[in-house]
Amino acid sequence: MKYLKVIAFTHKQIELKELGRLVLCQENLTEKLHEVKARFGIDEIFYLATCNRVEFIMSTPQIVDKAFAHQFLETVGMSLCSHSTNTFVEAAAIYEGQEAMNHLLRTSCSLESLIVGEKEILAQLRKAYEDCREAGLTGDCLRVVMNCVVKTAKEVYTHTNISKNPISVVSLAYRKLKDLKLCSNARVLIIGAGETNRNISKYLQKHKFSNFSVFNRTLSKAQQLAADLGGEAFELDELKNYNKGFDAIITCTSAVEPILTPEIYTSLLNGETDKKTIVDLAIPNDTAPEVLERFDVNFIEVHSLNEIAKKNLQERYQELVHAEAIIEQNIAEFLVMLKQRKIELAMRQVPEKIKEIRNNAVNTVFAEEVQSLDKESREILEKVMNYMEKKYISVPMIMAKDILINNN
């Protein structure tokens, strides 16, 4: 494990908008990684880029320090000026050996993520590795490392509550909406086409909702979201004229005054009297207080969801101690496995050596004696030597493993 090295640029030291400058173009990514692999004598390498981290994971006997990182960044071709390169290198975290392994395990379990407990990082890490493996950039060392990384992350997510309770407002809002058991052809009005509404729309679409009408100040953005959802698009001003009815409204805009006034809401009802649902994720709310006073509404709003999110986040942090215990146990097991693997690699030559000794004995040292034996005696001798050869091959391996296990 001493050859395992990581150069990490993360949200902990670098602003997210700056991290984007370190992301490599996918078109010639493989070519660049092969180039730095050859240039710096790196045996294996893969590259991870997410919204809050850029990392280079490698197996190399080379000394990886700030000077190495500086040369590495210049060679990998990120088109950074000298000042920017220096700034990024100073902010880099460099790990090696067991520290590097611990970092990778913590990363895969989301303990190093911007939001603890978000499982996406494991999938991102696996894909980054697989892409580089298929490109011939990795080998046996990073393979066994990644086996341990995936195993550990699965154990953490399975045996702790670190990812059980959602902490994003969007996922919490969808869960609340789901609890109301709306049918999949429910008429959903979406007011605002920003990131929040786009995200909650993905949840709805994933769960087979299909009847959408999108309203936005900029019609082109409404059309883009409506196209993704297979719905209709309208300018925000058309809200007051909409007369097709609705079952749920999802709203999130940057308006400073309420959009859903009693007058607008009455118009949208179009004479319907059943209880409707409003999911208001705007700050301040897009729904006027008078709407809630005058109408029977299932109201899901951002302030109460934020309180739930804070509580769930605190519960996730309480699970850190259990996650770290699982990581510690897996590192201990990994170290034993590495020792066993070293023995197995070292023992690969044992069968060849035994065959050499046998052939030398039969054909050189005892050649005359063997030739003087009759056919039946030579066959017996051959059986005895075959039996002993098989036993001798297994004995050193078994003894070495026993010693290793007993010492641990």
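The values are calculated or read from the model by the stated rules, or taken from the named source; none is laboratory data. The model shown is predicted, which means the values in this text are computed figures rather than measured ones. Backbone-built Cβ (ideal geometry, glycine too); neighbour counts: all protein chains shown.
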- Query: Regarding residue 6, is this residue buried (at least 19 other Cβ atoms within 10 Å of the Cβ), among the hydrophobic types (A, V, I, L, M, F, W, C) and farther than 30 Å from residue 342 by Cβ?
  - Reply: no
- Query: Can you name the residue in segment 354-366 that is among the charged types (D, E, K, R) and exposed (fewer than 13 other Cβ atoms within 10 Å of the Cβ) and is also modelled with the lowest pLDDT among such residues?
  - Reply: 355
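Can you tell me which residue among 382, 301, 319 is under 28 Å from the mean Cα position of the chain (by Cα), at pLDDT below 90 and farther than 30 Å from residue 140 by Cβ? Walk me through how you get there before you give the answer.
On the way: 382 fails: under 28 Å from the mean Cα position of the chain (by Cα); 301 fails: under 28 Å from the mean Cα position of the chain (by Cα).
After applying the criteria, what remains is 319.
Looking at this structure, is residue 2 part of a helix (DSSP H, G or I) and more than 17 Å from residue 76 (Cβ to Cβ)? Lay out the reasoning, then the answer.
Details: part of a helix (DSSP H, G or I): no; more than 17 Å from residue 76 (Cβ to Cβ): yes.
No, not satisfied.
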- Query: In segment 206-255, how many residues are surrounded by fewer than 17 Cβ atoms within 10 Å (Cβ to Cβ) and β-branched (Val, Ile, Thr)?
  - Reply: 1
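Conditions tested, residue by residue: (1) out of contact with any strand residue (DSSP E or B) (no Cβ under 6 Å at 6 or more places or on another chain); (2) over 30 Å from residue 235 (Cα atoms); (3) surrounded by fewer than 15 Cβ atoms within 10 Å (Cβ to Cβ).
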residue	(1), (2), (3)
113	yes, yes, no
118	yes, yes, no
123	yes, yes, yes
145	yes, yes, no
148	yes, yes, no
168	yes, no, no
184	yes, no, yes
190	no, no, no
- Could you list, in sequence order, the residues of segment 256-302 that are over 18 Å from residue 172 (Cα atoms), surrounded by 18 or more Cβ atoms within 10 Å (Cβ to Cβ) and polar (S, T, N, Q)? 287
- Query: Can you name the residue in segment 21-77 that is within 22 Å of residue 143 (Cβ to Cβ), part of a strand (DSSP E or B) and of a type in the set (Val, Ile, Thr) and, of all such residues, is farthest from the chain's Cα centre (by Cα)?
  - Reply: 45
- Taking into account only those residues within segment 250-291 that are free of Cβ contacts under 8 Å to residues at least 12 places away in the same chain and assigned to a loop (DSSP other than H, G, I, E, B), which is farthest from residue 179 (Cα to Cα)? 257
